[in-house]
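All remarks here apply to the structure that follows.
The values are calculated or read from the model by the stated rules, or taken from the named source; none is laboratory data. None of these values were measured; they are calculated from a predicted model. Positions of Cβ are generated from backbone atoms using ideal geometry, with glycine treated the same way; all protein chains shown enter the neighbour counts.
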Amino acid sequence: MKALGSDADSDRNPDPAPVITIDGPSGSGKGTIARAVARQLGWTWLDSGALYRLVGLAGQRAGLSAHDEQAHARLAQGLSVRFTASPDGEDEVWFEGRNWAGDLRDEAVGRLASQVAAWPLVRAALIDLQRAFKRPPGLVADGRDMGSALFPDANLKIFLTASVEERARRRYKQLKDKGLDVSLADLSRDIQERDQRDSTRAASPLRQSDDALLIDSTSRDVGQIVKQILTVAQCRGLMGPSLVG
Ligand code: C5P
């Protein structure tokens, strides 16, 4: 892994678009943490899971067969998507003139995403789109294979995990807060199935890169983890000292 500021070359030529990757299983908190780190740094945030969710949902709404890898890959290839935030800070995902963010968080869409994400043609079709998010002043990318496949030279790689029970509890609380009727046992089973599919598929399975820093978020809050990541980023010369509060 390249550590900025650690050698004479990088001192002379600081990376104009450094990358922090945050990979991990469903419910580990990587989306929340990646968004917070990106906001603190003023960098771009790539929520790569949203792309797979969008391909799954848009494919379903377009009537594509759930078994048609090629048709989903064509959809992924031409995907023209824009991520923005509303004035009150809500994430927005714009596709075909509409904000899909609300629909994408649905549990059923997560399952669809995990199915289309196992197809190599779909993964290949999304590579250029994801890499285009790397631009100055920097990128925080979260997903399953950001550090292992998409950005192997990232300046800082994090692998974020948490116990299955804790991840199911977090999801349960989120959905209950939205007024949805869900069962903790169902969520726990769903998370384990997705872990299994994501980590055993042939194409870019979920795995910790050798050079990734492992963080277990089971009994830690978001603020502590964000601070830890910013501190490491600062040690690697990716940012000025003033951002770690
Ligand atoms: O992270 P999120 O839960 O939104 O991702 C939805 C699904 O998309 C995951 O279960 C995983 O199968 C897939 N995914 C992936 N590679 C990524 C991001 C997400 O395979 N980089």
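Picking from 177, 190, 128, 210, which residue would you name as being within 14 Å of the ligand (Cβ to nearest atom) and either touching a helix residue (DSSP H, G or I) at 6+ places or on another chain (Cβ under 8 Å) or without any contact (Cβ under 8 Å) to a residue 24 or more places away in the chain (or both)?
The unique qualifying residue is 190.
Among the candidates 73, 85, the residue that is under 25 Å from residue 194 (Cα atoms) and free of Cβ contacts under 8 Å to residues at least 60 places away in the same chain is uniquely 73. The residue that is surrounded by the most Cβ atoms within 10 Å (Cβ to Cβ), counting only those in the stretch 74-91 that are of a type outside the set (S, T, N, Q) and assigned to a loop (DSSP other than H, G, I, E, B), is 79.
Please state which one of 215, 127 is crowded, with 16+ Cβ neighbours inside 10 Å and modelled with pLDDT of 90 or more. Walk me through it before giving the result.
Working: 127 fails: crowded, with 16+ Cβ neighbours inside 10 Å.
After applying the criteria, what remains is 215.
Restricting 134, 157 to those that are surrounded by 15 or more Cβ atoms within 10 Å (Cβ to Cβ) and either acidic (Asp, Glu) or part of a loop (DSSP other than H, G, I, E, B) (or both) reduces the list to 134. Residues of the stretch 34-53 that are more than 7 Å from the ligand (Cβ to nearest atom), within 10 Å of the chain's Cα centre (by Cα) and aliphatic (A, V, I, L, M): 34, 46, 51.
If I filter the stretch 12-33 down to residues being under 16 Å from the mean Cα position of the chain (by Cα) and in a loop (DSSP other than H, G, I, E, B), which single residue comes out as nearest to residue 224 (Cα to Cα)? The qualifying residue nearest to residue 224 (Cα to Cα) is 29.
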